[in-house]
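Participant: Dropping the structure in here first, questions after.
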Amino acid sequence: SEEEIIHACLNQTLRIGIAPGWATVQWNNDPLLTQDSLSVVVQKEEIILVRASNTGGCSYEKEFIIRPSIPQLELNGESFQIVRGQSVSLEATGTADHYEWTPPSGLDNAFISNPQATPLQTTTYHVTATDSIGCQAQAM
């Protein structure tokens, strides 16, 4: 028996499978499917088991453990009022590795979790947080 852990973004479509050439193949999530691979939409943590055998009596079993990555993202406030020429610290926290704030105008650095904002006019900033495998969360 073999095991493979797969981390993927929520709602991502994955193609999982085993080497071709088995006489019989059975998947626990779709017993009627007899192909050596299948597509799965990541919606929750789940274990998909495939069993295969050949005409010589050899058998093979593999577990695919699907783990969705859902980056967490929180902001230090919903809105700030500042006087023209003053600045405010924006801060995003969570489980992300990279941050990008838009629009970048008025920010000292649009690619960090805690930029200083000195906008010249009323501005709504949006932040996109990306984790180590490319999954994203957004806030404003």
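The values are calculated or read from the model by the stated rules, or taken from the named source; none is laboratory data. Being a predicted model, the structure only gives us computed values, none of them experimental. Positions of Cβ are generated from backbone atoms using ideal geometry, with glycine treated the same way; all protein chains shown enter the neighbour counts. These accessible areas exclude ligands, DNA and RNA; they are computed on the full protein's heavy atoms, side chains included. Shrake-Rupley method; radii C 1.70, N 1.55, O 1.52, S 1.80 Å.
Participant: Within the stretch 119-133, take every residue that is assigned to a loop (DSSP other than H, G, I, E, B) and open to solvent by less than 30 Å² (accessible area, probe 1.4 Å) and give me the one that is farthest from residue 106 (Cα to Cα).
Facilitator: Here is the first cut: in the stretch 119-133, the residues assigned to a loop (DSSP other than H, G, I, E, B) are 119-125, 131-133.
With the extra rule that they be open to solvent by less than 30 Å² (accessible area, probe 1.4 Å), the set shrinks to 119, 125, 131.
Details: 119: 4, 125: 10, 131: 25 Å.
Across the stretch 119-133, the extreme among qualifying residues is 131.
Participant: Something else about it: Do we have any residue at all in the stretch 99-118 that's closer than 18 Å to residue 10 by Cβ and open to solvent by 50 Å² or more (accessible area, probe 1.4 Å)? So that I can check it myself, show each step before the final result.
Facilitator: Step one: of the stretch 99-118, the residues closer than 18 Å to residue 10 by Cβ are none.
Scanning the stretch 99-118, I find no residue that is closer than 18 Å to residue 10 by Cβ and open to solvent by 50 Å² or more (accessible area, probe 1.4 Å), so the answer is no.
Participant: In the stretch 93-104, which residues are at pLDDT below 95 and either assigned to a loop (DSSP other than H, G, I, E, B) or of a type in the set (A, V, I, L, M, F, W, C) (or both)?
Facilitator: Selection gives 95, 96, 97.
Participant: Please identify the pairs in which a residue from the stretch 30-48 that is touching a residue at least 24 places away in the same chain (Cβ under 8 Å) has its Cβ atom under 8 Å from the Cβ atom of a residue that is of a type in the set (Gly, Ala, Ser) and open to solvent by less than 20 Å² (accessible area, probe 1.4 Å), counting only partners at least 6 apart or on another chain.
Facilitator: Pairs found: 42/8.
Participant: May I pose another question? List the strands (runs of 3 or more DSSP E) that sit entirely inside the stretch 15-90 and contain at least 2 residues that are open to solvent by less than 40 Å² (accessible area, probe 1.4 Å) and either in contact with a Gly (Cβ under 9 Å, 6 or more places away or on another chain) or modelled with pLDDT of 95 or more (or both). Walk me through how you get there before you give the answer.
Facilitator: Working: elements: 24-27, 37-41, 46-53, 59-69, 73-75.
In the stretch 15-90, 24-27, 37-41, 46-53, 59-69 are the strands (runs of 3 or more DSSP E) which contain 2 or more residues that are open to solvent by less than 40 Å² (accessible area, probe 1.4 Å) and either in contact with a Gly (Cβ under 9 Å, 6 or more places away or on another chain) or modelled with pLDDT of 95 or more (or both).
Participant: Does residue 57 count as touching a residue at least 40 places away in the same chain (Cβ under 8 Å) and on the phi > 0 side of the Ramachandran plot?
Facilitator: Values: touching a residue at least 40 places away in the same chain (Cβ under 8 Å): no; on the phi > 0 side of the Ramachandran plot: yes.
For residue 57, the condition - touching a residue at least 40 places away in the same chain (Cβ under 8 Å) and on the phi > 0 side of the Ramachandran plot - is not met.
Participant: Does residue 87 count as touching a residue at least 24 places away in the same chain (Cβ under 8 Å), in contact with a strand residue (DSSP E or B) (Cβ under 7 Å, 6 or more places away or on another chain), over 22 Å from residue 110 (Cα atoms) and not acidic (Asp, Glu)?
Facilitator: On the way: touching a residue at least 24 places away in the same chain (Cβ under 8 Å): yes; in contact with a strand residue (DSSP E or B) (Cβ under 7 Å, 6 or more places away or on another chain): yes; over 22 Å from residue 110 (Cα atoms): no; not acidic (Asp, Glu): yes.
It is false that residue 87 is touching a residue at least 24 places away in the same chain (Cβ under 8 Å), in contact with a strand residue (DSSP E or B) (Cβ under 7 Å, 6 or more places away or on another chain), over 22 Å from residue 110 (Cα atoms) and not acidic (Asp, Glu).
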